[in-house]
Amino acid sequence: MRLDVQLGDRAYPILIGTDLLRVTGHLREAIAGKQVLILTDENVAPLYLQAVLAALDGLRTSTVTIAAGEASKTLANAERVFDALAALGAQRNACLIALGGGVVGDLGGFAAALWMRGIDFIQIPTTLLAMVDSSVGGKTAVNLAHGKNLVGAFWQPRRVIADIATLSTLPDREYRAGLAEVVKYGAICDGAFLTWLEDNTNALNDRSTSAIAHAVLRSCQHKAQIVARDERETGERALLNFGHTFGHTLETLGRYQTWLHGEAVAIGMTMAAQLSAHLGMAPQGDAQRLATLLRQFGLPTTASESAHSIVELMRLDKKTLSDVLRLILWRGVGRAEIVENVAPADIIASLQNAANGPAVPASATTLFSRVLD
Ligand SMILES: NC(=O)c1ccc[n+]([C@@H]2O[C@H](COP(=O)([O-])OP(=O)(O)OC[C@H]3O[C@@H](n4cnc5c(N)ncnc54)[C@H](O)[C@@H]3O)[C@@H](O)[C@H]2O)c1
């Protein structure tokens, strides 16, 4: 399957299928120059690097393999990539390939945006989250001690190659975390897709290739359309952050150890939906429906952190002294909305009404005190 992201002269295709990595042409035809740097991580390299190198036969290649995980999204690792590009003799027509999850994709895109003021970049996402979210849309970044994703650039890839077969090796928890972002598209803009997800929970839990391919395609279609209309997030693109303000707060409270990003987003979407129902914006039944679907995918929907600590940190994260918060809320299934003036007291009341569930550690030491999506 091929999907085109419509961005004028920076338009690019997303290829979605099985065993795409074995068809060398998919990669080869997108490379203009002779030098290629592959960025990957230590979990992905033993699994898929050889297939990528085989497709690049005859080109001058070099590989940088980083440690797996968020802690690798650093300026120091970007410098490693620059050093490798220099050693490769990479010119302006060189290409950087990110082979892995969102960490590799964000770091690789960041380095590609900066090397010689920007070189070609290809995303080969190997996590579900990266396929449906981080590889599409051109946001790239590294983290600083001051905050997550604080330094970055918008840099669109030349091509995204989402080979569903690579998900067969993805750990269960990572797979389910990706499903949270899939559910998000149904929740914010596509009620029919949410119903399809409800009808296909077993197939997706069993990792049916055809079900995953449909879920990835639909998710990418939505993200591509939104990005094409609002690349720089001056408006509509913010809707993609549904559940993310609550989610980032929970990630921070858990010191990025307790929840994977997708898990925190699942809880965050549930909290945002409950708040919307509390405010009379969305039917209570829709909020329950969303939580039920997330639970059917094995995702958490509650956290035991106190309502006050969540709201306090939300205000800190948003660096707001104002009495109200800007959040992505909900009119019910398929309809998210930016709301500028949410009162903290309403958030607290809504959280306190919601059922308590699995524990989040009480420690509120912030690893990243600021988070940019
Ligand atoms: N740029 C964006 O628009 C955007 C959007 C959402 C998230 N993100 C970023 O994405 C990152 C999270 O991405 P992620 O969830 O993919 O995490 P990740 O890149 O850390 O990958 C998760 C884990 O899965 C392993 N892995 C990857 N593919 C595998 C495979 N096929 N088989 C076995 N193991 C595999 C990785 O080594 C890692 O341990 C965060 O840094 C987040 O900020 C960016």
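Descriptive notes on the structure:
- Phi angles across the stretch 158-173 convert, under the Karplus curve 6.51 cos²θ - 1.76 cosθ + 1.60 with θ = phi - 60°, into 3J(HN,Hα) values of 7, 6, 10, 10, 9, 9, 4, 4, 5, 6, 5, 9, 6, x, 3, 5 Hz, Gly and Pro given as x.
- When each of Phe154, Phe242, Phe297 is scored by the number of other beta-carbon atoms lying within 10 Å, the sequence from fewest to most is Phe154, Phe297, Phe242.
- The phi torsions of the stretch 10-17, fed into the Karplus equation with coefficients 6.51, -1.76 and 1.60 and a -60° offset, translate into couplings of 10, 4, 8, x, 10, 9, 10, x Hz, rounded to whole numbers, with Gly and Pro shown as x.
- Basic side chains Lys and Arg get +1 at the Cβ, acidic Asp and Glu get -1 at the Cβ, and with that the dipole of the chain about its Cα centre reaches some 600 debye.
- Across the chain, the longest run free of exposed loop sites, meaning GluC sites (Glu not before Pro) lying outside DSSP classes H, G, I, E and B with no more than 13 other Cβ atoms within 10 Å, spans 43-373.
- Relative contact order for the chain, counting Cα pairs under 8 Å that sit 6 or more residues apart, in percent: 16
- Semi-axes of the equivalent ellipsoid for the chain, Cα gyration tensor, largest first, Å: 35, 22, 18
- Ranked by how many other Cβ atoms sit within 10 Å of their own Cβ, fewest first, the residues Met281, Met131 fall in the order Met281, Met131.
- The fewest-to-most ranking of Cys189, Cys95 by surrounding Cβ atoms within 10 Å reads Cys189, Cys95.
- Three-way shape call for the stretch 172-353 based on the alpha-carbon gyration tensor, with the a/c threshold at 1.5: prolate
- Rounded Å value of the spacing that divides the Cα centres of the stretch 83-162 and the stretch 251-276: 25
- Loop-located trypsin sites (Lys or Arg not before Pro) in the stretch 71-141 (DSSP state other than H, G, I, E, B) with a sparse environment of at most 14 neighbouring Cβ atoms within 10 Å: Arg92.
- Relative to the longest principal axis of the Cα atoms of the chain, the long axis of helix 75-88 makes an angle of roughly 20 degrees.
- The simple Förster model, with R0 at 35 Å and r as the Cβ-Cβ distance, assigns Asn353 and Val23 a FRET efficiency of 0.10.
- Under a 5 Å amide H cut-off, with hydrogens placed 1.01 Å from N, Gly100 pairs with Ile124, Thr126 among residues at least 5 apart or on other chains.
- Using the Cβ-Cβ distance between Arg2 and Met116 with R0 set to 45 Å, the FRET efficiency works out to roughly 0.95.
- The chain: most fluctuating residue of Pro125, Pro171, Pro300 per GNM, C-alpha cutoff 10 Å: Pro171
- Taking a ≥ b ≥ c as the square roots of the Cα gyration tensor eigenvalues, the stretch 2-169 comes out rounded, since a/c falls below 1.5.
- The string of couplings for the stretch 19-34 from the Karplus curve (6.51, -1.76, 1.60, θ = phi - 60°) is 6, 5, 5, 6, 8, 4, x, 4, 8, 4, 5, 8, 9, 8, x, 10 Hz, one whole number per residue in order, with x for Gly and Pro.
- Counting only alpha carbon atoms, the long axis of helix 102-114 and the longest principal axis of the chain meet at about 60°.
- Between helix 244-253 and the chain there is an angle of about 90 degrees, using the helix long axis and the longest principal axis of the Cα atoms.
Where a number appears in this text, it was derived from the coordinates with a stated rule and is not lab data. No experiment lies behind these values; they were computed from the predicted model shown. Glycine also receives a Cβ, built like all others from the backbone with ideal geometry; neighbour counts cover every protein chain displayed.
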